[in-house]
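J.: Sharing a structure below in structure tokens format, with a few things to ask.
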Amino acid sequence: MKHNILLIGSGGREHAMTWRIAQSESCGSLFVAPGNAGTSALATNIEIDINNHQALKEFCLTHTISLVVVGPEQPLVDGIVDYFKSENELQHIAVVGPDSKASQLEGSKEFAKEFMSKYSIPTAAYQSFEADQLEEALAYIDQIQAPYVIKADGLAAGKGVVIADDTETAKGTLISFLKDKQFGEASSKVVIEEFLKGIEMSCFVAVDGTENYIILPRAKDYKRIGEGDTGPNTGGMGAISPVPFENEALSKKIEETIVKSTVKGILSEGYHYRGFVFIGLMIVEQNPFVIEYNVRMGDPETQVVFPRFETDYIDFFNAIASGKLNELKHVEIHEAATTVIAVSKGYPQSYEKGKTIVGLAVIDDDRIVFHAGTKTDNEKLLSNGGRVLAFTSYGQSIQSALDKSYEQLSKASFEGMTFRKDIGFDLETE
Ligand SMILES: Nc1ncnc2c1ncn2[C@@H]1O[C@H](COP(=O)(O)OP(=O)(O)O)[C@@H](O)[C@H]1O
Ligand SMILES: [Mg+2]
């Protein structure tokens with residue numbers, strides 16, 4: 001049976017998802033809303049307002065869609081899955097993603113902290129403060145030691161966390177979050193948490209609404225714009241998989257102390273959660289702590305995780321939506337995969353779009369160029385975002401994959417193209 005599919009999103013993550021879905025023998029018509037130039041080569045991009053649920057419904061019925069996959073967090077937090085669950089005529093459609101309540105695991109830092117503490121999931125100690133508790137929050141800073149980790153409670157597009165080295169910066173941040181509402185509602189509450197010193201990695205888990213779960217290949221991303229992990233945070237400048245420092249003992253700890261309790265917590269709370277749990281981890285002396293949950297796959301991690309996770313992706317997404325992950329056949333392939341992101345000059349601050357992109361011919365089967373912010377205009381390929389392209393490669397080792405990613409990237413260009421030359425720099429690579 002062929003499936004007609006609607007994928008929501010427009011980044012590199014969604015191009016990687018499109019690439020995987022299109023490989024399935026049972027792929028019928030595949031639509032991406034809104035998609036990018038990369039997805040348009042494999043699927044049909046559609047212009048539809050994804051906040052207009054009624055329009056989505058009409059589209060799905062007209063095109064006999066049987067599977068909807070939601071890439072980014074905002075539509076999830078905004079209740080797209082709740083809508084599909086509530087409409088009688090849409091009950092036959094498999095939907096991948098949690099409902100808005102479960103999405104609070106990403107949409108509210110305090111909600112996530114309460115969940116972790118309820119299910120004894122290791123995480124940094126914390127206190128939360130509301131807008132009318134500014135004085136208490138400032139006084140709390142005087143009681144604790146630097147560095148101070150201050151987080152806006154709500155979604156702030158990756159800009160809502162400040163790590164302050166001195167009390168002055170910490171207090172200034174609290175004032176701009178709570179009093180000046182720097183992120184509007186999202187910063188009308190803050191979480192102040194203990195600073196954990198360690199090394200970060202990400203663990204992705206597929207859940208299907210039962211006790212079943214599949215842990216996908218682990219990955220590490222590089223968030224800062226500058227080499228040596230310096231400068232402001234971005235959406236992500238590169239990623240690698242696997243994580244070279246993860247040994248068997250650590251994998252076991254992650255599964256036992258974090259994954260299992262997270263899945264159990266999701267079930268006990270009765271959340272409607274059929275999708276991906278992205279667990280951001282800090283490894284402190286070989287012990288994993290949860291930094292945060294995201295309720296969807298990561299970008300750019302998907303561009304290294306999905307290439308290494310081999311299965312029929314339509315079966316995979318349908319199994320997630322129907323509680324059948326235990327029946328899915330899957331294997332990890334390739335020793336390593338890496339991705340290096342090319343961004344627009346000026347990103348993550350202001351940058352220009354519309355630059356002509358050339359040189360994307362792929363050298364061999366070990367490489368894939370995923371599009372992040374691109375579009376076509378009269379057959380010309382143009383940049384259309386801060387993050388523009390993701391150069392993914394397979395290799396026998398992280399280093400050999402990285403060499404291929406950089407070689408492929410060196411063939412491409414657009415005006416102002418910027419990238420980090422040191423993805424994977426902090427890890428021992430063979
Ligand atoms: N308790 C902590 N100790 C040390 N570093 C932290 C802590 N919490 C967050 N960070 C750092 O800040 C980054 C952003 O925090 P995170 O909770 O992931 O927020 P978001 O991704 O929503 O911006 C993390 O990737 C990590 O580098
Ligand atoms: Mg994060």
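Read-outs throughout are calculated quantities, based only on the coordinates presented, and are distinct from any laboratory measurement. Note that the structure is a prediction, hence the values are computed from the model and not measured. All Cβ positions, even for glycine, are placed from backbone atoms using ideal geometry, and neighbour counts span all protein chains on display.
J.: So which of SER187, SER176 ends up being more than 10 Å from ligand 1 (Cβ to nearest atom) and either among the acidic types (Asp, Glu) or under 23 Å from the mean Cα position of the chain (by Cα) (or both)?
T.: The match here is SER187.
J.: Do you know which of the residues in the stretch 158-186 that are part of a helix (DSSP H, G or I) and either in contact with a Lys or Arg (Cβ under 6 Å, 6 or more places away or on another chain) or of a type in the set (Val, Ile, Thr) (or both) is nearest to ligand 2 (Cβ to nearest atom)?
T.: Out of the qualifying residues, it is THR173.
J.: Within the stretch 205-248, how many residues turn out to be aromatic (Phe, Trp, Tyr), surrounded by 16 or more Cβ atoms within 10 Å (Cβ to Cβ) and away from ligand 1 (no atom under 13 Å from the Cβ)?
T.: 1
J.: Turning to a different aspect of this structure: Within 16 Å of ligand 2 (Cβ to nearest atom), touching a residue at least 60 places away in the same chain (Cβ under 8 Å) and not acidic (Asp, Glu), is that true of ASN287?
T.: The answer is no for ASN287.
J.: Would you please name the residue that is nearest to ligand 2 (Cβ to nearest atom), looking only at residues in the stretch 110-145 that are outside any helix (DSSP H, G or I) and either of a type in the set (Val, Ile, Thr) or more than 18 Å from GLY160 (Cβ to Cβ) (or both)?
T.: Restricting to residues being outside any helix (DSSP H, G or I) and either of a type in the set (Val, Ile, Thr) or more than 18 Å from GLY160 (Cβ to Cβ) (or both), the top hit is THR123.
J.: Here is a follow-up. Search the stretch 11-24 for residues being crowded, with 24+ Cβ neighbours inside 10 Å and touching a residue at least 40 places away in the same chain (Cβ under 8 Å), and hand back the single one that is nearest to the chain's Cα centre (by Cα).
T.: Once the filter is applied, the top-ranked residue is ARG13.
J.: Same structure, new question: Within the group SER268, SER202, which residue is hydroxyl-bearing (Ser, Thr, Tyr), loosely packed, with under 14 Cβ neighbours inside 10 Å and either within 11 Å of ligand 1 (Cβ to nearest atom) or in contact (Cβ under 8 Å) with a residue 24 or more places away in the chain (or both)?
T.: Result of the check over SER268, SER202: SER268.
J.: Filter the stretch 25-65 down to residues that are under 19 Å from ALA94 (Cα atoms), buried (at least 19 other Cβ atoms within 10 Å of the Cβ) and in contact with a His (Cβ under 8 Å, 6 or more places away or on another chain), then give me how many there are.
T.: Total meeting the criteria: 2.
J.: So, of the residues in the stretch 290-329 that are more than 16 Å from ligand 2 (Cβ to nearest atom), within 13 Å of the chain's Cα centre (by Cα) and of a type outside the set (Val, Ile, Thr), which turns out to be surrounded by the fewest Cβ atoms within 10 Å (Cβ to Cβ)?
T.: PHE306
J.: On to the next question. Looking at this structure, is VAL277 among the β-branched types (Val, Ile, Thr) and away from ligand 2 (no atom under 16 Å from the Cβ)?
T.: No.
J.: Let me ask something else. Among the residues of the stretch 146-157, count how many are within 8 Å of ligand 1 (Cβ to nearest atom) and in a strand (DSSP E or B).
T.: The qualifying residues number 2.
J.: Identify all residues within the stretch 284-315 that are closer than 21 Å to SER103 by Cα and of a type outside the set (Ser, Thr, Tyr); write none if there are none.
T.: Result: PHE289, VAL290, ILE291, GLU292, ASN294, VAL295, ARG296, MET297, GLY298, ASP299, PRO300, GLU301.
J.: In the stretch 98-112, is there at least one residue being farther than 30 Å from ALA319 by Cβ and of a type in the set (A, V, I, L, M, F, W, C)?
T.: no
J.: Something else now. Quick check on this structure: which one of ASP315, ASP299 is in contact (Cβ under 8 Å) with a residue 60 or more places away in the chain, more than 16 Å from ligand 1 (Cβ to nearest atom) and under 25 Å from PRO75 (Cα atoms)?
T.: Result: ASP315 is the single residue among ASP315, ASP299 that is in contact (Cβ under 8 Å) with a residue 60 or more places away in the chain, more than 16 Å from ligand 1 (Cβ to nearest atom) and under 25 Å from PRO75 (Cα atoms).
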